[in-house]
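Novice: Quick one: this structure, given as structure tokens, is what I'll be asking you about.
The values are calculated or read from the model by the stated rules, or taken from the named source; none is laboratory data. Bear in mind the structure is a predicted one, so any value in this text is a computation, not a measurement. No Cβ is skipped: glycine too gets one built from the backbone with ideal geometry, and neighbour counts run over all protein chains shown. Heads up: the accessible areas ignore ligands, DNA and RNA and are worked out on the full protein's heavy atoms, side chains in. Shrake-Rupley method; radii C 1.70, N 1.55, O 1.52, S 1.80 Å.
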Amino acid sequence: MPGAFHSLLLPTKRKPKRRRRRGSKRPSKTTKSKNRLADAAAGDDSSFHLKSSVHADPGDGSGRRRGGYLVQPLGNLLLAAAGPTGGNLRDAGLGALRPLPDDVLLDVLCLLAARDLARLSAASRALYVVASHDPLWRALVLDELGGDFAFSTSWRATYITAASGGRTHRPPRALEIRGFYSDYLFQSWLCANMEMRPEWLHRNTIERRRGMSVEQFVSEFEEPNRPVLLEGCLECWPALQKWTREHLLKVSARKKFAVGPVSMTLDRYFHYADNVQEERPLYLFDAKFTEKVPEMGRDYEVPAYFREDLFRVLGEERPDHRWVIIGPAGSGSSFHVDPNSTSAWNAVIKGAKKWVMFPPEVVPPGVHPSADGAEVTSPVSIMEWFMNFYGACKTWEKRPIECICRAGEVVFVPNGWWHLVINLEESIAITQNYVSRRNLLNVLYFLKRPNASELVSGTTDRVILHDKFRNAIDRTYPGMIKQLELEAQQKAAARKKKVSFWESAVDANTGGFKFSF
């Protein structure tokens, strides 16, 4: 066992393991991608480009080594079987754990305390490889340290440093181990270390508008529920010039922000973002930033297109609706639909974001929502979705709307649209969800669904929010809901009366067909 493991001094008692979100489980079978994984490992697939930092030896015992990794994809085993070693080190070194699929094996190891995980890594070379899987150590750091950690090249090195009281020491020596083959573990490494492929970035199918009136926006995009990218509507925002790292560190005054499951100060988060290279980087996504740092709230204003926000009638009781978003390249949000059937806008202040959007009636490939909409199963990371599922969209009749949104631009996300977002570089953005009269009835219907207690988010009033919101609308805007319901009925009736092909082809006077060209 590497000597640094002897310095693990943190208490062995751990918090109860959080139940894994159903959407975070990687499919155990990825047969479609096996050949591509093998090509990537061998460097034979020119479409895969690894980040330049991959070829530098981190020297941190994280399981990485110069020019490669401890794990290779299963496809390479066919070539290795003819060599002197032969076979898969995994089969010989896991003992009674061998029958477990890799994803289940890692779920079991997630239950171990750090000392036990370190001891297990000394039992065999195969167990050393598995116990070095950095996401295991990420869970330990976040569970035991929260956001009070200084990231140190890998999660395992970060834990060891913290367990040593912050004392510097030589990192654990990464063993030279060959012959361990696993698609599951290799794909995790590949997703963390590969660049976005050019064909994932070149499609730009969203409509772009500049200088459009509010009336045009409503009639051409909000009413028909269509996405649009808006240019030139953030030019008066002080944030575009002010929000440098130095400025944000100064005004935040060591306030803590929501980062994944923990809270972190900006200086700790920026240090993490500068040094991390993992499949799912932590994402700063804070709903209370204007309360923590009022100056940040004064540095932007809602664009004119989105100022009708009917949730305002609830005052301080409204659900969470605005967030500051900060993340390194590779961070982002996997496929989801915005909460409570609201529409949203997302404004980029620094950086660039790749968007992929599907209309409400089209579920993205690889995404599996439950029948009641309460849970979504999807690939574990955004890069995995691009690698294994993006190509499937090429043959679809309804292909996704895609774009890259850059600093100073805004994306409008209509209610119900599935969307995925990945940062192409370090990015800072503001996003808000809102309710206008165009989607008020959708929101009221959503809030009244039988399983509202599971679906409604951003508030503790999940069950009674519908009645509270509807009553507040009736008091503030008497007759609005009834008028919207009447208009919806009229539109539905007009659609039913739409003349069919056969009705248009028959002459009502003669009972026969009419032809015109």
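Novice: Per residue, how many Å² of accessible area does the range 68-193 show with a 1.4 Å probe?
Specialist: Solvent-accessible surface per residue comes out at 40 Å².
Novice: A follow-up question, please. Each label point is 7 Å from the Cα along the Cα-to-Cβ direction; what then is the distance between the points at LEU50 and GLU454, in nm?
Specialist: With each label point 7 Å from Cα toward Cβ, the separation is 4.3 nm.
Novice: Around VAL356, with a cut-off of 11 angstrom between Cβ atoms, what is the net charge of the other residues, counting Lys and Arg +1 and Asp and Glu -1?
Specialist: After counting each charged neighbour, the total is +3.
Novice: Using a Förster radius of 60 Å, what is the FRET efficiency between SER219 and ALA392 based on their Cβ-Cβ separation? Nearest 0.05, please. Walk me through the numbers on the way to the answer.
Specialist: Numbers: r = 34 Å, r/R0 = 0.57.
It comes to 0.95.
Novice: Something else: List, in the order given, every pair from LYS353/LYS491; LYS448/LYS491; LYS256/LYS350 whose Cα-Cα distance in the structure shown is over 32 Å.
Specialist: Too far apart for the 32 Å limit: LYS353/LYS491.
Novice: Also, I was wondering about something else. Determine the share of the range 68-193's accessible area contributed by carbon and sulfur atoms, expressed in whole percent, with a 1.4 angstrom probe.
Specialist: 58
Novice: Take peptides 267-275, 365-373, 216-224 and line them up by average Cβ neighbours within 10 Å, highest first, as a rough protection proxy.
Specialist: Put in order of decreasing packing, that is 267-275, 216-224, 365-373.
Novice: Along the Cα-to-Cβ line of LEU441, 7 Å from the Cα, sits a label point; which residues in the range 222-258 have backbone N less than 17 Å from it?
Specialist: Once the point is set 7 Å along Cα→Cβ of LEU441, 222-226 turn out to lie under 17 Å by backbone N, inside the range 222-258.
Novice: While we're here: Any idea of the accessible area per residue across the range 318-407, 1.4 Å probe, to the nearest Å²?
Specialist: For the range 318-407, the per-residue accessible area is 32 Å².
Novice: Take peptides 120-130, 154-164 and line them up by average Cβ neighbours within 10 Å, highest first, as a rough protection proxy.
Specialist: 154-164, 120-130
Novice: Same structure again: Considering Cα pairs under 8 angstrom that are at least six residues apart, work out the relative contact order of the range 198-476 and quote it in whole percent.
Specialist: Details: 505 pairs, mean separation 75.8, N = 279.
Computed value for the range 198-476: 27 percent relative contact order.
Novice: On the accessible surface of the range 198-476, probed at 1.4 Å, how many percent belong to carbon and sulfur atoms?
Specialist: Carbon plus sulfur share of accessible area: 49 percent.
Novice: Now for a different question. With a 10 Å radius around each residue's Cβ, average the other Cβ atoms per peptide and rank 374-387, 232-245, highest first.
Specialist: 374-387, 232-245
Novice: Rounded, prolate or oblate: which fits the range 68-193 when a ≥ b ≥ c are the square roots of the eigenvalues of the alpha-carbon gyration tensor, with rounded for a/c under 1.5 and prolate only if a/b beats b/c?
Specialist: It is prolate, given that a/c is not under 1.5 and a/b is the larger ratio.
Novice: Where in the range 333-350 is the amide nitrogen less than 14 Å from a point lying 7 Å along the Cα-to-Cβ axis of HIS247?
Specialist: Answer for the range 333-350: 349-350.
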